[in-house]
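Notes follow once the structure below has been shown.
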Amino acid sequence: MKLLTHNVLTSKCIRGVTVGYPLLIKATNVKVSEVEFKPDFVAKVLPKIEWDVLANAAESLGHWQNLPKELPNNYENDTDFLKKIHRVLLEVEVIQGELICPESGRKFPITNGIANMLLNEDEV
Amino acid sequence: MSQNVEPFKGLKKLNRKLAKLHHILKRDINISTVSTPTNNLVLCNSGLVNGLTEDQVFEHFSKHGEISNITMLPGKSCCFVSFSKKDSATSAYECFNGKLNISQNNRPVYLSFVEEVPKPSIEVIWNELPPGLLVFKNFISTEEELNLLKLIDFNHEQCGLLKHRLVKHFGFEFRYDINNVDKNQPLDQSVPTETDFLWLKLAQIQPEFKGFKPDQLTVNHYAPGQGIPHHIDTHSAFEDPIICLSLGSSIVMEFKKDGTHTCVLLPQRSLLVMSGESRYDWTHGIVPRKFDIIKTKLGGYTCLKRTTRVSFTFRKVLSTGKCECFYRSKCDSFLNCNIEEKMAVQLEKMHVHKVYDNIANHFSNTRHKPWPNVMDFVQSFDSGDFLVDVGCGNGKYLSNNTHTFEIGCDRSANLIEICRNRKFEAFLTDCLSIPIRDNCIDGVISIAVIHHLANESRRLQAIQEIVRILKKGGKALIYVWAHEQVKNKQKSSYIMQDRKNRKGTKEMNGQCLTSAQQVSLDSGNITLPVHSNRSNFQADDLLVPWKLKGDEEENESVFLRFYHVFKEHELEELCLKVENVRILKSYYDQGNWCVLFQKM
Ligand SMILES: [Zn+2]
């Protein structure tokens, strides 16, 4: 699971959960694998994401690389910055661990990089 | 004795032949022949498997006296004819033995006397009407008959020709391809008012049918030798009763239910009323032949030569399109009914989720080629857009597009693992509760997924979820399997594929032999039709087999996948039930109904 995916995941489908966002990450295995860097793509994606959520998630995994706590202005041409963000968004992957619903504490296992978001019949 | 005395040599040969045949009879059906005359003759070397028919036997043997019974045994090369008098049997024996050329390839038939005749497995019952069937003899006068016949001009170009049988429809066309009428397309000619007197008369004789007023009439023109295959009039198409007037000729109509087979004589000018069980639970048909053999009340047979028969079948179109009968095993409305929620959940678990996990690898190996229209949609997005493939399978549509961020999700762990091995971003989820935030996705595709949901509210919920995760202005493309596999006379690739792959001689006729399967689930049993692969669908909710070959040829396992196949406009109507949906495009593609919509 990439952190860009984590940025849109919610547990609000659980009955009784209203927001279910952001999900907490507990990782036992995190891998960084190289993905082709496309600055244009990263620049276009940034306005769409929740910056705080990304920052907290990356920090909890130890991969925030001292990036600023707030999304800076005029990042479009800052290749260094975009490269670092690219790494956080697409290269850092949780291979083993779990996602935790902030409201109910329900755990969703992550195995072999795949998050299992399936709910039981009595949870929906 | 016959006029021509056989030479001694010929007689010896005949006896040898007979001895051999007697041996076979004893071995095959345990029947012993006797040398002294009895009332019963066996035709030792000719029966149903040789193409011999009851009426052929009747035609020849009735010349020698009154026949009391003809016994044809399914799958046997012999048959039996019984006479009321022993003299008649003797006379037929002497005249025909070794001389009557009605055996296969016009060879002579060999006869013997027998004490007893075997009972056929299915006995034909005569003149005992199935429950709900009524036959009114002389319902109309010869003058009324003539007037009615004058109404129909069979030379007119509007008549359809069905296997050489002429047909004309009034009110609505009965379409033999869908076994139904198109309620939205009434014909210019409604049921002629000249037939109205029939209903006044019927109400007088049988008050329960007071108020029956048909809006659909099918007139069939049967020349001698023509018939109609066994069928039940589609439950959801017509009300109860169905009424048939026989003009021009008498005929025998057969009715069958389970193992019961009964023959009913429909005399010329009679009115047949099929209601209740006889309308819903029994098939009816007419054997194509030139004359009918009729068992008389005294137990004998007589022959009735057919002349041209014109039948008027009156029906009332069922406006609701939903039959409410109790004869559920034959009821298309029941078999296609909305599956209750608890049942739907279990049905999907057993006949969708489990199946895909089992067939994942084989399924993935057969799914390489993306559909061009879906590809075009996927590639239409801007740089940095988020795309979600709901029910992504093996990830066929993921990562075609390097400037967008694509996430796949599916219900099958094994399929998601295949995606993961192909380095695609994917997670496990159910399409009824997608774990993605509201209003944050630019594009969604859901290809061949929603048809696996077992009732309408679940299918609607899946679309609601897609709309929920879409951004305002975001677009979704949905594909579902179409009930209509033949569109504009063009067979879909699903049916075509089979033509290419089919080996052997079996002919493809676009029709399928639907069998039914009872599925046992925790919450009860449900009976669903099982689709025969590569043919037209005959029900909306059905099971489609997936054959998985093992290492050995004989290790083939069959998995049944649940499908709800969509009728034209059904997907559009479903999408429009969701708020903020604007349909941009709706089309038919390779046997699928497809909708492209935008969130407003
Ligand atoms: Zn019915």
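Calculate the mean, over all residues of peptide A:9-21, of how many other protein chain Cβ atoms lie within 10 angstrom of the residue's Cβ. Walk me through the numbers before you get to the answer.
Numbers: counts 7, 7, 2, 6, 8, 2, 1, 0, 0, 0, 1, 2, 3.
So the per-residue partner count for this stretch is 3.
If Rh is defined by the Kirkwood formula over all Cα pairs and Rg also comes from Cα, what ratio Rg/Rh do you get for region B:2-114?
On the Cα set of region B:2-114, Rg over Rh gives 0.93.
Working from Cα positions, state the angle (0 to 90°, nearest 10) between the long axis of helix A:51-60 and the longest principal axis of chain A.
Taking the Cα atoms of chain A, the angle to A:51-60 is about 80 degrees.
Report, as a whole number in µm² per second, the diffusion coefficient that Stokes-Einstein gives for chain B at 20 °C and 1.002 mPa s using the Kirkwood radius over alpha carbon pairs.
74
Once the convex hull of the C-alpha atoms of region B:166-208 is built, how many Å³ does it hold per residue, rounded to a whole number?
So the per-residue Cα hull volume is 124 Å³.
Collect residues whose amide H, placed 1.01 Å from N in the peptide plane, falls under 5 Å from the amide H of B:Ile436; neighbours closer than 5 in sequence don't count.
Counting only residues 5 or more places away or on other chains, the set is A:Thr10.
Scale the Cα Rg of region B:124-323 by the rule-of-thumb value 2.2 N^0.38 Å and send over the ratio, two decimals.
0.98
Under a crude label model (7 Å from the Cα following the beta-carbon direction), how far is B:Ser141 from A:Glu34 in nanometres?
Label-label distance for B:Ser141 and A:Glu34, simple model: 10.2 nm.
Cβ neighbours within 10 Å, averaged per peptide: list A:21-34, A:93-106 in order, most packed at the top.
Numbers: A:21-34: 15.4, A:93-106: 17.6.
Result, highest mean first: A:93-106, A:21-34.
Projected onto the charge dipole of chain B (+1 at Lys/Arg Cβ, -1 at Asp/Glu Cβ, origin at the Cα centre), which of B:Tyr327, B:Val117, B:Val467 gives the Cα projection farthest towards the positive end?
Positive-end residue among those listed: B:Val117.
Please compute, for peptide B:420-428, the average count of beta-carbon atoms on other protein chains lying within 10 Å of each residue's beta-carbon.
Partner-chain Cβ atoms within 10 Å, mean over residues of B:420-428: 5.
Any idea what the dipole of the protein assembly as shown comes to, in debye rounded to 20, about its Cα centre with Lys/Arg Cβ at +1 and Asp/Glu Cβ at -1?
Here the protein assembly as shown has a charge dipole of around 2800 debye.
Within region B:305-356, which GluC sites (Glu not before Pro) sit in a loop by DSSP and count at most 13 neighbouring Cβ atoms inside 10 Å?
B:Glu324
Quickly work out the B:Gln517-to-B:Ala203 label distance, labels modelled 7 Å from Cα along the C-beta direction, and quote it in nm with one decimal.
A separation of 5.1 nm, rounded to one decimal place.
What residue among B:Phe238, B:Leu477, B:Gln598 has its Cα farthest toward the positive end of the dipole of the protein assembly as shown, where the charges are +1 on Lys, Arg and -1 on Asp, Glu, each on the Cβ?
B:Phe238
Could you give the size of the charge dipole of chain B about its Cα centre, using +1 on the Cβ of each K and R and -1 on the Cβ of each D and E, expressed in debye and rounded to the nearest 20?
Around 2120 debye, computed over chain B.
Averaged over its residues, how many other protein chain Cβ atoms are within 10 Å of peptide B:378-385's Cβ atoms?
Other-chain Cβ atoms within 10 Å of each residue's Cβ, averaged: 3.
State the dimensionless ratio Rg/Rh of region B:36-85 (Rg: radius of gyration of Cα atoms; Rh: Kirkwood radius).
Rg divided by Rh gives 0.96.
Explain nothing, just the number: dipole magnitude of region A:23-124 about its Cα centre with +1 on each Lys and Arg Cβ and -1 on each Asp and Glu Cβ, in debye rounded to the nearest 20.
With only Lys, Arg, Asp and Glu charged at Cβ, the dipole is about 220 debye.
How much net charge surrounds B:Val390 when only the other residues with a Cβ under 9 Å from the Cβ of B:Val390 are counted, with Lys and Arg +1 and Asp and Glu -1?
-3
Under the 0.36 nm per residue contour assumption, what length would be gained going from the current alpha-carbon distance of B:Lys577 and B:Asp55 to full extension?
Fully extending the segment from B:Lys577 to B:Asp55 adds 181.9 nm.
Which percent of the Cα-Cα distances in region A:3-118 go past 19 Å?
Here the tail beyond 19 Å accounts for 46 percent of pairs.
Kirkwood hydrodynamic radius, computed over distinct alpha-carbon pairs, for the protein assembly as shown: how many Å, to one decimal? Please list the in-between numbers first.
Values: mean 1/r = 0.0319 Å⁻¹.
Computed over the protein assembly as shown, the radius equals 31.3 Å.
Short version: what are the Cα gyration tensor semi-axes of region A:1-57, square root of 5 times each eigenvalue, largest first, in whole Å?
Taking √(5λ) for each Cα gyration eigenvalue gives 24, 16, 9 Å.
With loop defined by DSSP as not H, G, I, E or B, and exposure as at most 16 other Cβ atoms within 10 Å, which is the longest segment of chain B clear of exposed chymotrypsin sites (Phe, Trp or Tyr not before Pro)?
Result, exposed sites excluded: B:327-600.
All of the numbers you see were taken from the coordinates with simple rules; none came from a lab. As the structure is a prediction and not an experimental result, all values here were calculated from the model. Cβ sites come from the backbone with ideal geometry, for glycine too, and all protein chains shown count toward neighbours.
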